[in-house]
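Single-structure report; data block below.
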Amino acid sequence: MKGRLKNMIQKMASWYFSKEALPYWCISLLDSVVILTSILIMYCVVFRPYVLVANGSQLLYTLLIDMVFYVIGIHVFHTYTDVFRLVDFKDLLRSMYATLLGAVLCVAFRWAVDLLPFTTVVPYRVFVLSFVSGTVGLWVLRIIARNLSDVMRSKVREEVELLPRQEIEVDMDEIGNLLRNKRILITGAAGSIGSEMVRQIASFHPAKMILIDQAETPMHDLMLEMKKNWEYLDKKMIVASIVNKPRMEKIFAKYKPDYVFHAAAYKHVPMMEDNPSVSILNNVDGTRILADLAVKNNVKKFVMISTDKAVNPTNVMGCSKRICEMYVQSLNEKIREERGDACGGTEFITTRFGNVLGSNGSVIPLFKKQIEEGGPVTVTHPDIIRFFMLIPEACKLVLEAGTMGKGGEVFVFDMGEPVKIADLAKRMIHNSGRRDVHIKYTGLREGEKLYEEVLFKGEEEVETKHPKIRVAKVRQYKYEDVCKDLDELDEICQTYDEMKIVRKMKQIVPEFKSNNSKYEEIDKELEM
């Protein structure tokens, strides 16, 4: 018992005196100042201001003792949390309860203890009046804080305004019912998409979150954020690579996840164009390892995040993601054939969407930096267009698709009209207020194409209950054939011969036609 108490005290002390606690201390101090001011004003109302001046030093000692009780109220009801979010009735009640507790403790102290010789009398009615005025003061403070927060967030909202459509909304209740009290494993948890998935799922109070990423520094940042905002959650932060099969086996066996959201992947097109072996070993083999372990450990659902670059791919990265799609689909079909109409078995679901505004490596941070430096803003081609989504809405749609999926589907998101990158750059330059920044066209990068697609030629879409989510009716592949191809591809990858690797990828995915790339010569060979 003594050891547990000591650990609890050490834990509290380490947080209260840490950098993460500084904003809470500042808000608590502001609340205390508001309450102290309200007491002084009510004292003047009762006794007139000259009495306050005459008893100033003695009154100060008295109020310093009284403020201890109000600080207790502030920390009991956590008035310092979420002060910048939308002010709701619960927040107002918390502020009222804090001032009420402080006033009650002050009155009780006055009644129970003889006044110290250096204090002066503060009548009970002052505490009653200050309870009312202090509560109103705290409410006003929160309304002002919310308005300031809106101004600060207007910069974030500019990303929404860059899209020529309304922001996509999702009803999160059904998602919450599915994930609440479940064990959730997320790969690529420290990335742009993965970390937002963590934030959204954390709000549903899962039984446990198993978060995996191989990037140490981003994982450390995520750990601090989780500690600050979701200290109460049972979570495990794991720095590991998804291609480390023995490590993944132990993680699945130990934590037995109910749901897996697979966001880990190498995604930068030019980088993967020069490193096809790494693209296969990480994206494809990593997905295969995780999918097989999901089946072995009776995971309910496995949701894989794919990309529109997997459709009629023109680069190595897009093709690697298409191969991932083929594997999880064929594995899902194999499970279905083996089980027949029997219930159970892991359900594999794929989600495809386009570029994400504000993600790591996206054009928004790059353009902002270039504008701040005075330009030029670099665009690869005047006619290049892309589909864009916001990180939060992309993750919401992934969760929604995971909820409605029954296994084997490839969900395609309606991202509205594509955006011309040059127009996006022009809007950002205009919004910055600068008139000395110009656009420079640098030419298409290796593997890049002018436009992205969400469906293969001949594929059809089926509507779902959500107007922004459709199911692509994709070609089916035999699990045995896919495994044979992947085994051969793995052997070739061990040679690190780029041409041989890409040639095999093109045989597996015939739609893979390289663009602006050294691998175009392979296409010519295969056409002969």
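The values are calculated or read from the model by the stated rules, or taken from the named source; none is laboratory data. Quick caveat: nothing in here was measured; it's all calculated off a predicted structure. FYI the Cβ positions are ideal-geometry reconstructions off the backbone, even for glycines, and counts take in every protein chain you see. Calculation scope for accessible area: heavy atoms of the full protein, side chains included, ligands and nucleic acids excluded. Shrake-Rupley method; radii C 1.70, N 1.55, O 1.52, S 1.80 Å.
Points worth noting:
- Full-extension gain in nm, Asp487 to Arg503, via 0.36 nm per residue minus C-alpha separation: 4.3 nm
- Net lengthening on full extension, Ile72/Lys236 (0.36 nm per residue, minus Cα-Cα): 55.8 nm
- Karplus-derived 3J(HN,Hα) values for the stretch 407-412, using 6.51 cos²θ - 1.76 cosθ + 1.60 with θ = phi - 60°, are x, x, 7, 10, 8, 10 Hz; glycine and proline are entered as x.
- Accessible surface of the stretch 173-216 [probe 1.4 Å, protein heavy atoms]: carbon and sulfur percent: 41
- In order along the stretch 229-244, phi translates into HN-Hα couplings of 9, 9, 4, 6, 6, 7, 9, 10, 9, 10, 8, 6, 8, 5, 8, 7 Hz, rounded to whole numbers, per the Karplus curve 6.51 cos²θ - 1.76 cosθ + 1.60 with θ = phi - 60° and x for Gly and Pro.
- Sorting 181-187, 32-38, 253-259, 230-236 by average packing, meaning the other beta carbons within 10 Å per residue, from highest down gives 181-187, 32-38, 253-259, 230-236.
- If the segment from Arg434 to Asp173 were pulled out straight at 0.36 nm per residue, it would be longer than the present Cα-Cα gap by 89.6 nm.
- Look at the alpha carbon pairs under 8 Å that are at least 6 residues apart: their mean separation over the length of the stretch 263-396 gives a relative contact order of 23 percent.
- Two-site label geometry, Val128 and Glu527: point separation in nm, points 7 Å out along Cα→Cβ: 9.2
- Violating pairs (Cα-Cα greater than 24 angstrom) within the set Lys296/Lys504; Lys256/Lys478; Lys254/Lys300; Lys208/Lys254; Lys256/Lys468; Lys267/Lys426: Lys296/Lys504; Lys256/Lys478; Lys256/Lys468; Lys267/Lys426
- With R₀ set to 30 Å, the beta-carbon distance separating Ala215 from Leu30 gives a calculated FRET efficiency near 0.25.
- Rolling a 1.4 angstrom probe over the protein heavy atoms with all chains in place gives the stretch 276-347 an accessible area of 29 Å² per residue.
- Hits among lysines - C-alpha to C-alpha of Lys465 under 16 Å, sequence gap 8 or more where chains match: Lys396, Lys406
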